[in-house]
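Below is one structure; the comments refer to it alone.
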Amino acid sequence: MERADTAAAAERAPGDASRPHVSVVVTLFNEAETVDELVRRSVAALDGLHRPYELVVVDDGSTDGTFAALERLHAADPRVRAVRLKRNFGQHPAMHAGIVRARGEVVVTMDGDLQNPPEDIPRLVEAVEAGWDVASGRRAVREDTWGRTLPSRLINGMLRRFTGVPIADFGCAFNAYRRGALEPMLGAIGRQKFTKALVLSAGASVVEVDVGHAPRRGASRYSPLRLTRVALHVLAGFWPQPIQWAGVLLGVVCTLAALALGAYGIAYWIDEANFPGPLFAGTGILVVLGVQGFILALVGEHLVRIQRVVEDRPLYTIEREL
């Protein structure tokens, strides 16, 4: 839980010789078939850095034996730390659970489905060690369908506009952070779906690093509905005045539609002496209702955020920690 994570933060006492220099935080959900390969490749890449490290793996309520595999891997190598959440809370709360437990001066985040090649971890770490606050992974060649890349480009464009940070790939979860850039934002990380955008919006320096992107193993968990909710989350979380602008948009659209339909109606009436009013009235109503629905969705996103803050509910609950 978020309050309980103050104990995890206390582990980071300065001067602790056992502290790792690099922490890699990975979230998993039903990845029993690939977790052994993930850990093997990650450990091999981190060994090549010749720096103390730890691998913090968060099991986001898997039901397929993922945590049993993590228990075995932890027993074989204590540098593999594991956290199991009581249920599936979602990728971003799970990432928060790992970040607050990470003890390294450089924190690398990555997905556990092996689309992010662990062999690229050293490149991200070295970029942060060169002086940058954030090394942002950029998927130069994406191995995704157009149904995933098109919404991703739209969301990336919105985030560039709203944060003022001109990077290409906000959606890539494969990144490295200097601890000092992460810690001021710990209270918000997990509630926001874009940790990188949140950290960069606070003024952290960033360099983009090209990373590999492997084909997805299994189906994507991001349905069109979920991608739409992500877009609304971006608008509500990073756009300063979404409701005001949505109201302006509604007014402009309705005004232009009314002018266009009025002009067409006058021309049709002069030419045919019979204006098809019901058809155009129905079309206009549908347009207005569509825009109103979008505005209501934004209002709903804001209300949900206010409710969560007021209720102060935990982001997640921990079942077991190794």
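Going by the conditions given, is V125 crowded, with 23+ Cβ neighbours inside 10 Å and under 26 Å from I167 (Cα atoms)? Show your work before the answer.
On the way: crowded, with 23+ Cβ neighbours inside 10 Å: yes; under 26 Å from I167 (Cα atoms): yes.
Judged against the criteria, V125 is a match.
Let's see how each residue does on (1) in contact with a helix residue (DSSP H, G or I) (Cβ under 6 Å, 6 or more places away or on another chain); (2) at pLDDT 75 or above; (3) more than 19 Å from V207 (Cα to Cα):
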site: D111; (1), (2), (3): no, yes, yes
site: L124; (1), (2), (3): no, yes, no
site: T145; (1), (2), (3): no, no, yes
site: L182; (1), (2), (3): no, yes, no
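Residue count for segment 66-93 satisfying the condition of being under 23 Å from R41 (Cα atoms) and either at pLDDT below 90 or not assigned by TED's automatic domain parsing to the domain that holds S42 (or both): 1. Among the residues making up segment 71-124, a single one is in contact with a His (Cβ under 9 Å, 6 or more places away or on another chain) and either of a type in the set (K, R) or at positive phi (or both): R81. Residues that are buried (at least 23 other Cβ atoms within 10 Å of the Cβ) and over 23 Å from E105 (Cα atoms) were ranked within segment 29-43; the one that is modelled with the lowest pLDDT is E31.
Which one of G90, G61, G98 is under 18 Å from A176 (Cα atoms) and either under 20 Å from the mean Cα position of the chain (by Cα) or touching a residue at least 24 places away in the same chain (Cβ under 8 Å) (or both)? Give the derivation first.
Working: G90 fails: under 18 Å from A176 (Cα atoms); G61 fails: under 18 Å from A176 (Cα atoms).
Criteria check complete, one pass: G98.
The values are calculated or read from the model by the stated rules, or taken from the named source; none is laboratory data. This one's a predicted model, so the numbers in the text were calculated from it and none came from an experiment. Neighbour counts are summed over all protein chains in view; Cβ atoms, including those assigned to glycine, are modelled from backbone coordinates with ideal geometry.
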